[in-house]
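**Q** Provided herewith is a single structure, encoded as structure tokens, for subsequent inquiry.
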Amino acid sequence: MTRIAITALTFGALAVAMALGVTWFVVSPPGDRWEPAVNSFALLAGITGIFAERWAAQREQRNQAIGSIRLEMARNRETLDGEAFSASASRGRRVYPRLVQSAVDSALSSGALSPHRDADLIDLLHRWRTAVASVNRRLELTEMLVFTSASEEKAEQFHTALHRANGFFQGVRALLDEAQAALGDPVRP
Amino acid sequence: MTASDGRLVGDLARAIDESDFAWSLVLVGEDQRDKLAALTSDLLNKPSTSGDGKQITSGYAYWGIGPTIAWAHACADPFYLVMKQSLDSFTRRWGRVRGRVGEGFHHVSFGVGTGHKDRLVLEHLLERNPGLLYVPVDMSSEMLRLGTQEATHRVGLRGHRVVPVQLDFSIPDNLAELRELIHRLVGDEPVLYSLLGNTLANFDQDDELLANLTALARPQDLFLLEVATTEAVNDDLAQDAVEEYARSRAYREFVTSALLHNTDLTINVDAVQFRGAVEGDRALKVKVVYQNQTGGDIMMMLPDRNRVPFPDRDTIRLYLTRKYARKALDGIVREAGMRKVTGTHSDFGVPRSSQGFGMDLLLLAPGEPVPAPRADDDVADVIWGN
């Protein structure tokens, strides 16, 4: 409420000052019009400057958010293409690296992305965030079950399930491809 | 047996062991004339365009020196992916399961193949049982000779401890006789039976064959089973399985070699067709057929000199193979009255193969059938399935 009142007061004062400045320019004798003209242009620059600065700040914030998400996606790509998640990797017990999502969380919570202009990207990032949380939770379950089982076969079963065609993990890779493509990053061949 | 008979056996064993000549002592279990009559009879079946009429059943595909040599060539072909991967990965897979095989085992191998795998098994068993008896069993004496030579090459097994048996092991009566023979030879000592190289998949009644073979095993025995597997079963993968076999010309020459040597057909390897299908939820099935594509009827001479028609579009089924669904393996083992001691899987890690194709090696023991899988046995699939 206070913010609205201050905004109304500020822009009201500027509007009145602008109107008075224009009136002063009209009623002034021709030889005395320099001062009201300078006054009116100064007020106009002040009003437009506020909006220009806001637009530039928003744009900078969005670019920073997109840049951070790109770096995070590239890091996740390295993780997924790494030895731990390779189909030819060792089938024994292991602790898997996790996917990260802090940049996506930050971008979504800070409002750096425009709900109108970035609607599709926001939807994609929400899906990616859900997928990452799900992967990490499933990895925890996998590690718990493999490490608490006496049978080495269990680790092999999980390895096979993890790399199954059309399985959950393949879906996550496809979603990462889609996200990187939406961000304009090169997607793996 | 008299003392002189015993001396004769001893002299024979010494003659084999001490000679530089590659003697092999083969027990022939069947009248080969009956086998020829059976092959002829199979080629007299009614016309069929789907490969369900005339056929060369498993065993006959390797019968005779021509098919044996063609088989050896196919095994050396890098485009025959199943065999190449099977041979390449066997050392690793056998290394994972052999620790569960105890001491004092003899080895009975059904379908000796190229002998490479049997050699690895023998090396391991010999370290724990210098008095090991090796009994390879095959319908083809030529395959026995080829495979046994490779299997025993430089493993330190004395010649008279190798007893190849020429026998069609798909016939239950033959197995009953073989059981008697084996038990007489080894007494109560344990035996490792093996059926390697996806041989099981070549038989029409594969479940029945496995049950008959595993019935040979006593409580102290073990059974080593190797099969080609697939993670999923659908029409697309059946087509992928077809392409896997179809790309090898040496394999086409092998499957047609039985026809070449038992009929007077002029063989055109381009007339070999591979037809894939889904066999319920248990396997992908590939039928290899030879089709008359000449546009006219042909007269074909059979081994008994009879000339029979081979009509246009008619087929002769040359070979049958499968890739078993990995999920179905436990059920197959259970139905054979066995329990899995341990098992290992190897993927075909090459771009030419479909994802999910591979080989499984299972070490089985007789006993109470394995109970049906509990819900949590599939926990890996539940977590990573979708």
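**Q** What accessible area per residue comes out for chain B, rounded to a whole number of Å², with a 1.4 Å probe?
**A** 44 Å²
**Q** Per residue of A:136-144, what is the mean number of Cβ atoms on other protein chains within 10 angstrom of that residue's Cβ?
**A** 2
**Q** Along the range B:186-193, what does the Karplus equation 6.51 cos²θ - 1.76 cosθ + 1.60 (θ = phi - 60°) give for ³J(HN,Hα), rounded to whole Hz, x for Gly and Pro?
**A** Rounded to whole hertz, the list is 9, x, 8, 5, x, 10, 9, 8.
**Q** To the nearest whole number, what is the average tally of beta carbon atoms from other chains within 10 Å of the beta carbons of peptide A:149-157?
**A** 3
**Q** When the Kirkwood radius is taken over all Cα pairs of the protein assembly as shown, what Stokes-Einstein diffusion coefficient follows at 10 °C and 1.306 mPa s, in µm²/s?
**A** Taking Rh from Cα pairs, D becomes 55 µm²/s.
**Q** Related question: Springs between alpha-carbon atoms under 10 Å, Gaussian network over chain B: tell me which of B:GLU127, B:GLU279, B:GLU142 tops the mean-square fluctuations.
**A** Per the Cα network of chain B with a 10 Å cutoff, B:GLU127 tops the list.
**Q** Compare each residue of the range A:56-103 in its chain alone against the assembly with all protein chains, and report those whose accessible area goes down by 20 Å² or more; 1.4 Å probe, heavy atoms.
**A** Correct list: A:ARG91.
**Q** Total accessible area buried between chains B and A, 1.4 Å probe, in Å² to the nearest 100?
**A** By this definition, chains B and A bury close to 1700 Å².
**Q** Could you sort B:ILE16, B:ILE171, B:ILE316 by their accessible area in this structure, using a 1.4 Å probe and putting the largest first?
**A** From most accessible down to least: B:ILE171, B:ILE16, B:ILE316.
**Q** Please compute, for the alpha-carbon atoms of chain A, the extent along each of the three principal axes and give them in descending order in Å.
**A** Largest to smallest, the principal-axis extents are 99, 38, 21 Å.
**Q** Protein chains only, probe 1.4 Å: how do B:THR152, A:THR130 rank by accessible area, largest first?
**A** A:THR130, B:THR152
**Q** When only C-alpha pairs under 8 Å and at least 6 residues apart count, what is the relative contact order of chain B, in percent?
**A** In percent, rounded to a whole number, it is 20.
**Q** Still on this model: Counting other Cβ atoms within 10 Å of each Cβ, which trypsin sites (Lys or Arg not before Pro) in the range B:247-310 have at most 14 and sit in a DSSP loop?
**A** B:ARG305
**Q** With θ set to phi - 60°, apply the Karplus curve 6.51 cos²θ - 1.76 cosθ + 1.60 along the range B:311-319 and write out the HN-Hα couplings as whole Hz, x wherever there is a Gly or Pro.
**A** Here the 3J(HN,Hα) series is x, 4, 6, 5, 10, 10, 6, 8, 7 Hz.
**Q** Helix A:119-148: angle to the longest alpha-carbon principal axis of chain A, degrees 0 to 90, nearest 10?
**A** Compared with the principal axis, the helix lies near 30 degrees.
**Q** For the range B:220-329, what ratio Rg/Rh do Cα atoms give with a Kirkwood hydrodynamic radius?
**A** Reported Rg/Rh, Kirkwood definition of Rh: 1.08.
**Q** Taking N as the number of residues in chain B, what is its alpha-carbon radius of gyration divided by 2.2 N^0.38 Å?
**A** So chain B has a normalised radius of gyration of 1.01.
**Q** Sticking with this one: How much accessible area per residue does the range A:79-189 have, counting only protein heavy atoms and a probe of 1.4 Å, in square angstrom?
**A** Result: 50 Å² per residue.
**Q** Over all alpha-carbon pairs of the range A:122-189, lay out the pair-distance distribution in 5 Å bins, whole %, shortest bin first.
**A** Reading the bins upward from 0: 3, 16, 21, 19, 16, 11, 8, 4, 2, 0.
**Q** Oh, and also: Where a ≥ b ≥ c are the square roots of the eigenvalues of the C-alpha gyration tensor, would you call the range B:1-131 rounded, which needs a/c under 1.5, or, failing that, prolate if a/b is larger than b/c, or oblate?
**A** In terms of gyration-tensor shape, oblate.
**Q** At 1.4 Å probe size, with no ligands or nucleic acids counted, give the accessible surface of B:HIS160 in Å², nearest ten.
**A** The accessible area of B:HIS160 comes to roughly 50 Å².
**Q** Can you give the three extents of the C-alpha atoms in the range A:8-90 along their principal axes, from longest to shortest, in whole Å?
**A** Largest to smallest, the principal-axis extents are 91, 26, 10 Å.
**Q** Give me the lysines in straight-line cross-link reach of B:LYS327: C-alpha distance below 26 Å, same-chain residues under 8 apart excluded.
**A** Once the sequence-local lysines are set aside, what remains near B:LYS327 is A:LYS154, B:LYS84, B:LYS117, B:LYS285, B:LYS287, B:LYS340.
**Q** Considering only protein heavy atoms, with the full assembly of protein chains and a 1.4 angstrom probe, order A:SER40, A:SER90 by accessible area, largest first.
**A** Sorted by accessible area, descending: A:SER90, A:SER40.
**Q** Using the Cβ atoms and a cut-off under 15 Å, what net charge is assigned to the surroundings of B:ASP52, where Lys and Arg are +1 and Asp and Glu are -1?
**A** Counting the neighbours of B:ASP52, the net charge comes to +3.
**Q** Expressed as a whole percentage, what fraction of the accessible surface of the range A:34-189 belongs to carbon and sulfur atoms when a 1.4 Å probe is rolled over the protein heavy atoms?
**A** About 56 percent, which is the carbon plus sulfur part of the accessible surface.
**Q** Can you compute the helix-only [θ] at 222 nm over chain B? Use -39500 (n - 2.57) per DSSP H run of at least 4 residues, normalise by all residues, nearest 500 deg cm²/dmol.
**A** After summing the helix terms and dividing by residue count, I get -12000 deg cm²/dmol.
**Q** Enter the mean number of other protein chain beta carbons within 10 Å of the beta carbon of each residue in A:161-168, as an integer.
**A** Across A:161-168, the average partner-chain Cβ count within 10 Å equals 6.
**Q** Viscosity 0.692 mPa s, temperature 37 °C: give me the Stokes-Einstein translational D for the range B:187-230 in µm²/s, with Rh taken as the Kirkwood radius over C-alpha pairs.
**A** 291 µm²/s
**Q** With r as the distance between the Cβ atoms of B:ARG247 and B:GLU208 and R0 = 35 Å, compute the FRET efficiency 1/(1 + (r/R0)^6) and round to 0.05.
**A** In this case the efficiency is close to 0.65.
The values are calculated or read from the model by the stated rules, or taken from the named source; none is laboratory data. All values reported here derive from a predicted model rather than from experimental measurement. Neighbour counts run over all protein chains shown; Cβ positions are idealised from the backbone, glycine included. Quick note on the areas: whole protein, heavy atoms, side chains included, nothing else; ligands and nucleic acids left out. Shrake-Rupley method; radii C 1.70, N 1.55, O 1.52, S 1.80 Å.
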